[in-house]
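Written below as structure tokens is the structure these notes are about.
Every number here is computed from the coordinates shown, using simple stated rules; none is lab data. Predicted, not measured: the structure shown is a model, and the values here were computed from it. Cβ placement follows ideal geometry from the backbone for every residue including glycine, while neighbour counts extend to all protein chains displayed.
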Amino acid sequence: MDYDVVRNKVIEKRWSGKKNGDAYTNVYNQIKHITDHIQDNDSPLQWLPLDYMTEDEMAMFVSNIMDGTGSREILNNIKNKGYKADLHEFIVDTTDEWSVNMLRREFPTLGNENIRELIPQLRFAVRVDWFEHNRRAKELILRINSQSIEIKKALRWEERTALVLGVGIHNPDYLEAYIEFAEVAVSELLIFEIFLNNNIKDKRRLLDFLWLHLNKFTDDDLNAWANKRFDVLKKLREEHGMREDMINLISEYFFNYMKRKSLYEEEDKINQVLIEELHDKAEQFNYFDKITLYDIGLKQQVLLGEKSSSWKQKIYESYKIIKKARQQGNDWIGQLSVSDLRVVYRETFLSKQDYDERQSMRIARAMLKKEKTITSKQWLFYNMKMRRGYFCEWGITEWYEDYVKIMNVIKRQLLLTYKSIDDQVAYKSVDRVVGDFCDLFYHWEEA
């Protein structure tokens, strides 16, 4: 691809008049920054089907990036790992709202809202099985695998029905909801059916088996499906010419990919901080053996002998945090019990680890006061601390690094689903990620 030609085409599209002066230089530099990053080997823009795009198509894509308030925020996210800027205003939304509403009335199927409604049901089912000593673990694995297949079928049926009706329907949030389901499914199985499952005697062997085989097959197949789709797109273009709606779809997939990639990178940075704190303050976090069921008073049950000033006020604040979290549907919260109070209190007031220049106590108090000073990084950090807190509460801190390691593989594979730039292939790819994990877990003892 000739990027000088691409730059000239974008300039023709976006600039009229003499090609001089500060305003022109600013536009040209934005275009050059984007095209330079496209050529970087380690750039997320290498995700694009570069071998299949013409200069005209690339010029349209670059122009789409610039259609927001500018390209600086996009480039900040491209050049930096984790959260750097909010990409919401740059999303190219190709959703036809009228078509979606019409199809909903005529053919009410699963949809993104119903997928998200399945998530708390999934959590409930997994945790009930844990309370019942993991007696139906294999049955539950099959159930989650079947649920994923049914989601895929329902979403694909809806879009195919739309084509039969002559209605162009595309809802990018279907894929986002499905990815959320997949991530939660694997996370819940790891925690409750592996780490907390006393029926599994050799957890290390199981985790090594999952790690080996998850890395072995899935990535190659997801990439192969995406490349096959690229071949179809190339053939369609050769037969029918360039389609602006397809470039818009590529832009939309790219922005959604960038949002999720930034989230996953920020989560990984936070996890490394939390793991380091686990090592540095091992005595503070490995408290499971100190927990007793005897009636020794709330202070002793929560603090377990550690000193903390104003503990009554902090326990009351912990109660309010739990209540707020339950209202918001945070995934880490359980019931209002001593166990939950202990997790929230210890992670909020005893742990002094900060992130993005704030400790948990300041983040929590700002939340309770409804201050708008909490950054996305800080709120993500606080929620992830709570999840780690339950690893401590359940006495499974030894498996926290394995949890992060395997979830990072799943996240990498879920990011690959965007590469297809096609709803049908993307749904198939998400189901493959869930299915491979479930199949490996179900059959590992036979290996």
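Structure notes:
- The distance linking region 133-161 with region 400-434 is 16 Å (Cα centroid to Cα centroid, whole angstrom).
- Residue pairs exceeding 31 angstrom between C-alpha atoms, taken from Lys312/Lys385; Lys228/Lys261; Lys201/Lys428; Lys405/Lys428; Lys201/Lys324; Lys153/Lys411: Lys201/Lys428; Lys201/Lys324.
- In nm, spacing of pseudo-spin labels at Lys323 and Ser309 (7 Å Cα→C-beta vector): 2.6
- If the chain linking Ser376 and Leu142 were pulled fully straight, counting 0.36 nm for each residue of separation and taking away their Cα-Cα distance, it would gain 80.7 nm.
- With R₀ fixed at 22 Å, the C-beta to C-beta distance from Phe131 to Phe288 puts the FRET efficiency at about 0.80.
- Derived scalar couplings between HN and Hα for region 313-322 equal 4, 6, 5, 5, 5, 4, 4, 5, 5, 4 Hz in order, rounded to whole Hz, by the Karplus curve 6.51 cos²θ - 1.76 cosθ + 1.60 (θ = phi - 60°), x for Gly and Pro.
- Cα gyration tensor shape for region 287-394, rounded if a/c is under 1.5, else prolate or oblate: prolate
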